[in-house]
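The values are calculated or read from the model by the stated rules, or taken from the named source; none is laboratory data. On a predicted model such as this, the values are computed, not experimentally measured, just so you know. Glycine also receives a Cβ, built like all others from the backbone with ideal geometry; neighbour counts cover every protein chain displayed.
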């Protein structure tokens, strides 16, 4: 039986991970779990899965959690200390990181330092500190297994192949809800509009990132770290979200991974790798799918995509700046403090105000992250 720690259990990745566990009780056991602030759902999860350790990042709600699980034999640890305890529990085989945003970085690094294999859905971990994270994994002889559907697809297509035989990686993108919008239509987008993803059921922040295509930009950076920073990565819009990504090899052969848009499939693969377990999920009916379409991304309508590519090319602290500015800008949009089009403009301004510097250690990452958050907040205050 594989023993699991789950970071971010109340988010979409966490909920789907627990569904996979519940469907395979003979194969998986959740020994530790953490959540952000959703104490109601988290208390229900803790009561159902009965972990040894539970952590809530929102320290103001710890008393509520302790009261609701008082009859259980579970250690409740608050804040970042609790997240790290969940990530490093000695008995655990694999840590699933489903945390949204840069908050996933420190627990992920601590998990690798503790010798844990990392099933990674938190793309920001590699976006803001890719080189440091990969060095930690190599030093401790641990594996990073991607959960993002695109990177899982590449990981699966590469199985048995050599990275040096890759000609290019082809990342597919749904295009989000505004794929066919004109520039004029993009002016009036509301929060309600942006939270309607055509294919995937995700949390609010990731859904907004998908609508701006920043999500694909972050995945571009993540793919570079996972599969080789010098490996060419092409982004193509595939509205049906059936082909999750592809690899073209040096002989021009292309390997693709297909499946219905259901995160339980890449989660199950990450948990069972290098094996595969039977999933009680619907199969892909190709005959009923009709046409699968492909188109080039529109960088004018989706400037966040180009900003992410630029940040990776500049390197050093710039991807951390991009990510932090995006997190603050997206939250400001969700809070209706800024219009939709200003998400990209704020990120651009913050990047222009930053001089990239080397990332020698974790503190350099955290300093860059905090600077970008402060700078973005200041620009929102001044311009709005």
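Looking only at the stretch 339-365, which residues are assigned to a helix (DSSP H, G or I) and under 26 Å from residue 186 (Cα atoms)?
342, 343, 344, 345, 346, 347, 348, 349, 350, 351, 352
Of all residues in the stretch 273-297, which are buried (at least 17 other Cβ atoms within 10 Å of the Cβ) and either more than 22 Å from residue 247 (Cβ to Cβ) or modelled with pLDDT under 95 (or both)?
Across the stretch 273-297, the qualifying residues are 273, 279.
May I ask you to list the residues in the stretch 244-257 that are in a strand (DSSP E or B), touching a helix residue (DSSP H, G or I) at 6+ places or on another chain (Cβ under 8 Å) and farther than 21 Å from residue 214 by Cβ?
Residues satisfying the conditions are 246, 247, 249, 255, 256, 257.
For the stretch 240-258, which positions are surrounded by 18 or more Cβ atoms within 10 Å (Cβ to Cβ) and within 28 Å of residue 26 (Cα to Cα)?
257
So, in the stretch 298-309, exactly how many residues are closer than 17 Å to residue 353 by Cβ and surrounded by fewer than 16 Cβ atoms within 10 Å (Cβ to Cβ)?
Result for the stretch 298-309: 0.
Tell me the residue from 92, 106, 86 that is under 21 Å from residue 363 (Cβ atoms), out of contact with any helix residue (DSSP H, G or I) (no Cβ under 6 Å at 6 or more places or on another chain) and crowded, with 17+ Cβ neighbours inside 10 Å, please.
Result: 106 is the single residue among 92, 106, 86 that is under 21 Å from residue 363 (Cβ atoms), out of contact with any helix residue (DSSP H, G or I) (no Cβ under 6 Å at 6 or more places or on another chain) and crowded, with 17+ Cβ neighbours inside 10 Å.
Could you check residue 264 against (1) buried (at least 16 other Cβ atoms within 10 Å of the Cβ); (2) more than 19 Å from residue 152 (Cα to Cα) and say which number it fails?
(2)
Report yes if residue 73 is without any contact (Cβ under 8 Å) to a residue 40 or more places away in the chain and exposed (fewer than 14 other Cβ atoms within 10 Å of the Cβ), otherwise no.
yes
Any residue at all in the stretch 213-232 that's closer than 25 Å to residue 346 by Cα and in a strand (DSSP E or B)?
no
Residues of the stretch 269-300 being in a loop (DSSP other than H, G, I, E, B), touching a residue at least 12 places away in the same chain (Cβ under 8 Å) and closer than 25 Å to residue 183 by Cα, which ones?
293, 294, 296, 297, 300
Of everything in the stretch 350-369, what is closer than 27 Å to residue 136 by Cβ and surrounded by fewer than 13 Cβ atoms within 10 Å (Cβ to Cβ)? Give them in sequence order. Working first, answer last.
Here is the first cut: in the stretch 350-369, the ones closer than 27 Å to residue 136 by Cβ are 351, 354-369.
355, 357, 358, 360, 361, 363, listed by residue number.
If only one of 126, 134 is within 17 Å of residue 228 (Cβ to Cβ), surrounded by 24 or more Cβ atoms within 10 Å (Cβ to Cβ), out of contact with any strand residue (DSSP E or B) (no Cβ under 7 Å at 6 or more places or on another chain) and in contact (Cβ under 8 Å) with a residue 12 or more places away in the chain, which one is it?
Among 126, 134, only 126 is within 17 Å of residue 228 (Cβ to Cβ), surrounded by 24 or more Cβ atoms within 10 Å (Cβ to Cβ), out of contact with any strand residue (DSSP E or B) (no Cβ under 7 Å at 6 or more places or on another chain) and in contact (Cβ under 8 Å) with a residue 12 or more places away in the chain.
Collect the residues in the stretch 301-338 that are part of a loop (DSSP other than H, G, I, E, B) and in contact with a helix residue (DSSP H, G or I) (Cβ under 7 Å, 6 or more places away or on another chain), keeping them in residue-number order.
301, 302, 317, 336, 337, 338
Of these, 214, 186, which one is touching a helix residue (DSSP H, G or I) at 6+ places or on another chain (Cβ under 6 Å) and either surrounded by fewer than 22 Cβ atoms within 10 Å (Cβ to Cβ) or within 17 Å of residue 343 (Cα to Cα) (or both)?
So the residue among 214, 186 that is touching a helix residue (DSSP H, G or I) at 6+ places or on another chain (Cβ under 6 Å) and either surrounded by fewer than 22 Cβ atoms within 10 Å (Cβ to Cβ) or within 17 Å of residue 343 (Cα to Cα) (or both) is 214.
Give the residues of the stretch 252-268 that are in contact with a strand residue (DSSP E or B) (Cβ under 8 Å, 6 or more places away or on another chain) and more than 25 Å from residue 7 (Cα to Cα), sorted by residue number.
252, 254, 255, 256, 257, 258, 259
Identify, from the list 174, 149, the residue that is under 14 Å from residue 244 (Cα atoms), touching a residue at least 60 places away in the same chain (Cβ under 8 Å), buried (at least 19 other Cβ atoms within 10 Å of the Cβ) and over 14 Å from the mean Cα position of the chain (by Cα).
174
Of the residues in the stretch 76-92, how many are in contact (Cβ under 8 Å) with a residue 40 or more places away in the chain, assigned to a helix (DSSP H, G or I) and over 14 Å from residue 37 (Cβ atoms)?
Qualifying residue count, the stretch 76-92: 3.
Do we find that residue 61 is free of Cβ contacts under 8 Å to residues at least 24 places away in the same chain and either in a strand (DSSP E or B) or surrounded by 15 or more Cβ atoms within 10 Å (Cβ to Cβ) (or both) in this structure?
Considered against the rule, which asks whether it is free of Cβ contacts under 8 Å to residues at least 24 places away in the same chain and either in a strand (DSSP E or B) or surrounded by 15 or more Cβ atoms within 10 Å (Cβ to Cβ) (or both), residue 61 comes out as no.
Provide a single number: the residues in the stretch 1-16 that are under 19 Å from residue 39 (Cβ atoms) and in a helix (DSSP H, G or I).
The total comes to 4.
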